[in-house]
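Chemist: I'd like to ask you about the structure that follows.
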Amino acid sequence: VIYLFSDGYADQFGGKDGKKFKRSRLKELFLTIQARPLSDQKKILNDTIEQWRGNLEQIDDILVMGIRV
């Protein structure tokens, strides 16, 4: 799977300490979901960022595209 994404996902504040999600955490998430169907990946990515964000406002646009080759 090839992933293209904006910085919005990694830059989102949240978690228990209100810190950024960060690219390293996003990379690990991609590695754990890459074998699943793309529809499942979409749900996991949406659920993960919503849970991470909690009650904090979304600070940027979030774009993630996955292309299975």
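Chemist: Out of (1) of a type in the set (A, V, I, L, M, F, W, C); (2) farther than 21 Å from Val69 by Cβ; (3) loosely packed, with under 14 Cβ neighbours inside 10 Å, the odd one out for Ala35 is which?
Modeler: Ala35 satisfies every listed condition except (2).
Chemist: Inside the stretch 1-30, can you point out the residues that are charged (D, E, K, R), open to solvent by less than 90 Å² (accessible area, probe 1.4 Å) and within 11 Å of the chain's Cα centre (by Cα)? Outline the logic, then answer.
Modeler: Keep residues of the stretch 1-30 that are charged (D, E, K, R), which gives 7, 11, 16-17, 19-20, 22-23, 25, 27-28.
Restricting the remaining residues to those that are open to solvent by less than 90 Å² (accessible area, probe 1.4 Å) gives 7, 11, 20.
Asp7, Asp11, listed by residue number.
The values are calculated or read from the model by the stated rules, or taken from the named source; none is laboratory data. Please read these numbers as outputs of a predicted model, since none were measured by experiment. Neighbour counts run over all protein chains shown; Cβ positions are idealised from the backbone, glycine included. Note: areas computed on protein heavy atoms with side chains; ligands, DNA, RNA excluded. Shrake-Rupley method; radii C 1.70, N 1.55, O 1.52, S 1.80 Å.
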